[in-house]
1. Please give the strands (runs of 3 or more DSSP E) falling wholly within the range 382-441 in which 1 or more residues are within 19 Å of Leu477 (Cα to Cα) and in contact with a Lys or Arg (Cβ under 7 Å, 6 or more places away or on another chain).
2. Hey, can you tell me all the residues within the range 486-523 that are among the charged types (D, E, K, R) and within 24 Å of Ser440 (Cβ to Cβ)?
3. Within the range 164-213, which residues are without any contact (Cβ under 8 Å) to a residue 60 or more places away in the chain, in a loop (DSSP other than H, G, I, E, B) and in contact with a strand residue (DSSP E or B) (Cβ under 9 Å, 6 or more places away or on another chain)?
4. Could you list, ordered by first residue, the pairs with Cβ atoms under 6 Å in which the first is in the range 458-471 and outside any helix (DSSP H, G or I) and the second is open to solvent by 10 Å² or more (accessible area, probe 1.4 Å), at least 6 apart or interchain?
5. Spot the failing condition for Lys415; the list is (1) near the ligand (Cβ under 10 Å from one of its atoms); (2) crowded, with 21+ Cβ neighbours inside 10 Å, and only one is missed.
6. Residues that are β-branched (Val, Ile, Thr): find the helices (runs of 4 or more DSSP H) completely inside the range 259-370 holding 2 or more of those.
7. Answer yes if at least one residue in the range 334-341 is in the same structural domain as Glu266 (by TED's automatic domain parsing), within 16 Å of the ligand (Cβ to nearest atom) and in contact with a strand residue (DSSP E or B) (Cβ under 6 Å, 6 or more places away or on another chain), and no otherwise.
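The values are calculated or read from the model by the stated rules, or taken from the named source; none is laboratory data. These numbers come from a predicted model, not from an experiment. Here the Cβ positions follow ideal geometry from the backbone for every residue, glycine too, while neighbour counts run over all protein chains shown. To get the accessible areas, we keep the full protein, side chains included, count just its heavy atoms, and leave off ligands, DNA and RNA. Shrake-Rupley method; radii C 1.70, N 1.55, O 1.52, S 1.80 Å.
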Amino acid sequence: MQYSKLADLYEKLESTAKKLEKRDVLAEFYKKSDSSIGKVVMMSTGSVFPAGSLDLGLARGLMKKIIAKSSGSSLDAVNKTFKETGDLGLTAEHLMQKKKQVSLGSHVLTVEKVFSNLKELPNLTGKGSQERKVDLVVELLSHASPKEARYIVRTVIGGMRIGVAEGIVRDAIALAFEKEPKEVEHAFNVLGDFGLVAEMAQKGDLKADAKLFQPIRVMLAESAADLKEAMEAFKEPLVQTKYDGFRVQCHKDGNKVRVFSRRLDEVTHQFPDIEQMVKANVNAKQCIIEGEVIAVDSKGNPQPFQSLSRRIQRKHDIDKMVRDIQVQVNLFDVIYLNGKSLMNNPLKERWQELKKIIKENKSFCFADTIETNDYEKAEKFYQNSLKMGQEGVMVKNLSASYQPGKRVGFWLKIKPIMEPLDLVVVGAEWGEGKRAKWLSSMILAARSGSELLETGRMASGFTEDQLEQLTKKLKPLIIEEKEKIARIRPEIVIEIGYEEIQRSPKYPSGFALRFPRLLRLRDDKSPKDANTVKDIEKLFAMQKKRK
Ligand code: AMP
């Protein structure tokens with residue numbers, strides 16, 4: 001398929017804010033996409049990889065150089081146009097327009113070509129890889145029309161501005177291939193890949209089952225006001241420590257093991273120790289198991305999340321990291337076993353199966369658990385989990401199936417204080433005086449459907465190191481800058497502590513946080529995992545109840 005058709009689609013999507021109109025435009029396009037459907041659907045989400053997987057890894061600065069090179073402009077001209085438009089996509093378009101007036105008529109760019117060049121970017125590492133990345137994008141831009149250039153650049157930097165969220169893609173696939181949105185959603189939750197789901201829908205068969213090495217979107221928990229409420233919610237509750245760590249989903253087939261994060265990123269490289277633990281201590285040919293990883297000291301005592309965070313971020317010198325920061329995997333579920341999905345089996349059976357296949361030791365063990373209806377016992381267990389430095393407890397319904405990608409209330413989480421919120425950084429302001437080199441006040445937002453609604457600003461709780469680290473992460477994500485305020489592509493999630501939630505007409509979410517402060521950066525979470533305005537509303541109600 002010609003890429004120009006996709007660029008026309010992007011333009012149509014950009015020109016309307018109406019969700020139903022976007023869905024209809026997409027559905028019409030999907031219907032006509034034939035054999036390109038997987039790639040087209042993926043690219044209509046603005047990416048070439050399923051959400052949460054690889055980043056294309058090209059920073060804004062490098063993109064400016066690429067635009068200069070392909071349009072035959074100077075870097076100064078790129079910077080000047082960028083200042084005027086506030087958007088690198090439009091910058092490329094404007095500069096290419098000037099160039100095209102001189103040299104018209106190069107080859108036709110196809111969706112397949114754009115897809116394959118972009119897909120190669122994250123695979124390139126090591127010496128000379130930057131140059132090779134530049135070449136791959138320059139090759140595309142030099143064959144692109146100005147409009148195509150706008151969207152290629154936006155795809156590379158990850159900011160399409162076409163307002164197409166997951167829900168719209170789901171509904172468009174359903175409409176195009178006459179399926180129920182629910183069926184499409186279920187397949188997506190199991191496979192985590194809209195391209196694949198659309199290919200299946202086009203063939204007419206949406207039956208998706210857990211597959212080895214295809215990470216499954218994880219099941220999530222709702223908050224409960226207190227332990228009592230949670231215990232009363234289920235006939236057969238299982239009470240389990242809620243560890244303050246990092247969720248892993250381990251896939252094993254014979255001697256091959258791969259480890260995925262909650263965002264479905266592969267983290268096998270960062271955790272070769274976990275890979276080995278699964279190989280050595282799981283007595284099953286094939287399985288998908290889940291657990292929460294925490295960092296521990298040499299005596300096995302839990303360490304703060306920050307130590308673990310260093311392990312997650314580390315890309316090199318892994319062996320040293322493995323020695324310096326030891327981990328413990330606390331297992332709590334098995335969702336696939338020897339050729340069969342266990343997702344529809346009740347937790348009771350899954351927990352029993354897990355018990356059968358794991359050879360426990362101090363680094364690879366079952367999550368601390370009791371099965372009880374007795375509130376007093378549960379309360380003691382809860383207090384003990386807190387004493388161990390963990391977050392609280394999970395109360396799980398033993399009769400419930402595994403619901404991928406869902407927060408449906410079969411798992412309830414209980415934490416002692418006002419629960420911290422995971423919010424998305426959507427903007428930031430450059431500091432003053434000593435802080436002028438840092439983005440030092442963050443504009444935060446919570447999710448509401450496909451939108452992100454602001455909940456106010458946060459400017460305290462940072463150490464200088466954290467400011468440095470955050471600025472480094474946020475700078476490449478700046479989409480637009482007006483005076484000292486930068487609009488940030490929503491990718492970074494931070495955990496915020498606060499004293500109270502207040503109703504506030506000032507912010508689009510309708511809520512503001514009193515004394516918000518940074519607790520930590522959540523590298524393990526994507527904006528899709530951030531808290532919603534509904535969560536805040538619920539916490540607001542709980543806060544009232546507690547008072
Ligand atoms: P939250 O991020 O607050 O929605 O809580 C859900 C997360 O708690 C999961 O994604 C896990 O990473 C983590 N967690 C810690 N302990 C457990 C446990 N025993 N069972 C399930 N999830 C757990």
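1. Output list reads 421-430.
2. Arg487, Arg489, Glu491, Glu495, Glu499, Glu500, Lys506, Arg514, Arg517, Arg520, Arg522, Asp523
3. Result: Phe213, single match.
4. Every condition considered, the pairs that remain are Met458/Pro516; Ala459/Ser441; Ser460/Arg517; Gly461/Arg517; Gly461/Leu518; Phe462/Leu518.
5. Of the numbered conditions (1) near the ligand (Cβ under 10 Å from one of its atoms); (2) crowded, with 21+ Cβ neighbours inside 10 Å, the odd one out for Lys415 is (2).
6. 272-281, 318-324
7. yes
Condition check ((1) outside any helix (DSSP H, G or I); (2) surrounded by fewer than 20 Cβ atoms within 10 Å (Cβ to Cβ); (3) of a type in the set (Phe, Trp, Tyr); (4) in contact (Cβ under 8 Å) with a residue 40 or more places away in the chain) across all residues:
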| site | (1), (2), (3), (4) |
| --- | --- |
| Leu452 | yes, no, no, yes |
| Thr455 | yes, no, no, yes |
| Ile494 | yes, no, no, yes |
| Ile501 | yes, no, no, yes |
| Pro505 | yes, yes, no, no |
| Leu519 | yes, yes, no, yes |
